[in-house]
1. What percentage of the solvent-accessible surface of region 318-399, computed with a 1.4 Å probe over protein heavy atoms, is contributed by carbon and sulfur atoms?
2. Provide the per residue accessible area, probe 1.4 Å, for region 299-399, rounded to a whole number of square angstrom.
3. Have a look at the chain and give its Rg and Dmax from the Cα atoms, expressed in angstrom.
4. Between GLU111 and ASP359, what is the spin-label point distance in nm, taking each point 7 Å from the Cα along the Cα→C-beta axis?
5. Applying a 10 Å radius around every beta-carbon, put 368-378, 50-60 in order of their mean neighbour count, most first.
6. Taking a threshold of 19 Å on the Cα-Cα distance, which of the pairs LYS89/LYS157; LYS57/LYS97; LYS158/LYS215; LYS159/LYS329; LYS159/LYS215 fall above it?
7. Just by accessible area at a 1.4 angstrom probe, what is the order of LYS44, LYS159 from largest to smallest?
8. When you count, for each residue, the other Cβ atoms within 10 Å and take the mean per peptide, how do 191-199, 280-288 rank with the highest first?
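The values are calculated or read from the model by the stated rules, or taken from the named source; none is laboratory data. Just so we're clear, the structure is a prediction, and the values are computed from it rather than from any experiment. Counting neighbours? That spans all protein chains shown, and the Cβs are built from the backbone with ideal geometry, glycine included. Quick note on the areas: whole protein, heavy atoms, side chains included, nothing else; ligands and nucleic acids left out. Shrake-Rupley method; radii C 1.70, N 1.55, O 1.52, S 1.80 Å.
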Amino acid sequence: MSQYRTFTAADAVEYARQFGGVDNPDSLVDSLEVGDGNLNLVFKIFDTQGVSRIIVKQALPYVRCVGESWPLTLDRARLEAETLIEHGKFCPEHTVKILHYDADLAVMVMEDLSDHAIWRGELVKGKNYPLAATQLGGYLAQTLFHTSDFFQHPYQKKKDVIRFTNPELCDITEELFFNEPYEQHDRNAYPRELERLAEALRDDEELKVAVAGLKHRFFSNAEALLHGDIHSGSIFVAEGRLKVIDAEFGFYGPIGFDIGTAIGNLLISYCAAPGLLVPREAADAREQRLNDVRDTWNSFAEGFLALAAEKSTDRALATPGYAREFLGKVWSDTIGYCGTELIRRTVGMSQVADIKNIDDRAMQVECVRQAITLGRSLILLANHVPDIDALIMRIRQNG
Ligand code: SR1
Ligand code: MG
């Protein structure tokens, strides 16, 4: 019988004392539940000085932002911890450190990152972290290369595809990214002023065929162990530092999904800037976001190619020229998945602070309109944008 119980604040302190690995466990005396994501409980554990020392995170048996009417597997805590541990082997500097996890309690203990801030919140404030995008591209290169067939032994890779099979969390993505925004659905949450634009998505057969292709590859292409939900709310930043958290959507999927999701959130910030900042600051922020998009892709692509040249273990995949050809397909997928992220965050259920924090209603609607039209163009053009310069040009043309 499962020993699962939902933690109270006191349970979280007791658990951190046992499993936090701190020198003086009795100094941990207090906790505060700070989870503001859609799914889980997150406790900060404080010492006698009031300093936050450690994080205890527990999965609930349902989707937190909806309630018990939407049950959700507790196995996501194991999947999250094991994905982060796996990514941490290959990119420790940019992956949050997991100190302990327990699959039965669906709980994990991890390093405290209180000296960092969530990147989305910083983007909303117009704060720039010039190294963050290059670091993010580096994290993507390291984690995606080392868990792929370029590097993994074929037996180990197949075992890991099974270990990281994540049907319930993938089902959320399959619905929220690839179905609901393109149909009438109760969970959609776009502004009523954009009904005609939403209707145009629903009526666009060419667009829906392209989205079907992206969904099909999400179902089938077990290319690498993805983070699976790498948006700016899953990334902590500080001056010169970046740490990725929240990998419960981890599974073996198409590499372009992670890169496209990450870039898509930078472009949501690009679209939202005029609604959040005064004009001069907004113009600067938009240029910074385009630089971030360029740096993320270049850092990923250069990192992946260098790793492929140096460390490919499969004799056929190591053939000179193959990694570059493969990256061409990853590039097209990246643009397509980036488009679906823009649309699902604006038309669909999972709305983000970049848009929600815009006070002026007319401006908010315009920012959403821009994100939707950009998302649609990117999905349709995914196979026809030759390189990063052409992508940046397309984004500028969108307005
Ligand atoms: C029901 S969960 C909605 C969204 O929150 C998570 O962070 C993922 O992005 C998911 O799509
Ligand atoms: Mg998350």
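1. Working: 1750 of 3460 Å².
Here carbon and sulfur together make up 50 percent of the probe-accessible area.
2. Working: 4560 Å² over 101 residues.
So region 299-399 comes to 45 Å² accessible per residue, rounded to a whole number.
3. Using the Cα atoms of the chain, the pair Rg, Dmax is 20.8, 62 Å.
4. Roughly 3.8 nm, to one decimal.
5. Values: 368-378: 23.2, 50-60: 20.7.
Those peptides, ordered most packed to least, come out 368-378, 50-60.
6. On the way: LYS89/LYS157 15 Å; LYS57/LYS97 13 Å; LYS158/LYS215 22 Å; LYS159/LYS329 25 Å; LYS159/LYS215 24 Å.
Listed pairs above 19 Å: LYS158/LYS215; LYS159/LYS329; LYS159/LYS215.
7. Working: LYS44 55, LYS159 135 Å².
Heavy-atom accessible area, descending, gives LYS159, LYS44.
8. Numbers: 191-199: 13.8, 280-288: 15.7.
The densest-packed peptide leads the list: 280-288, 191-199.
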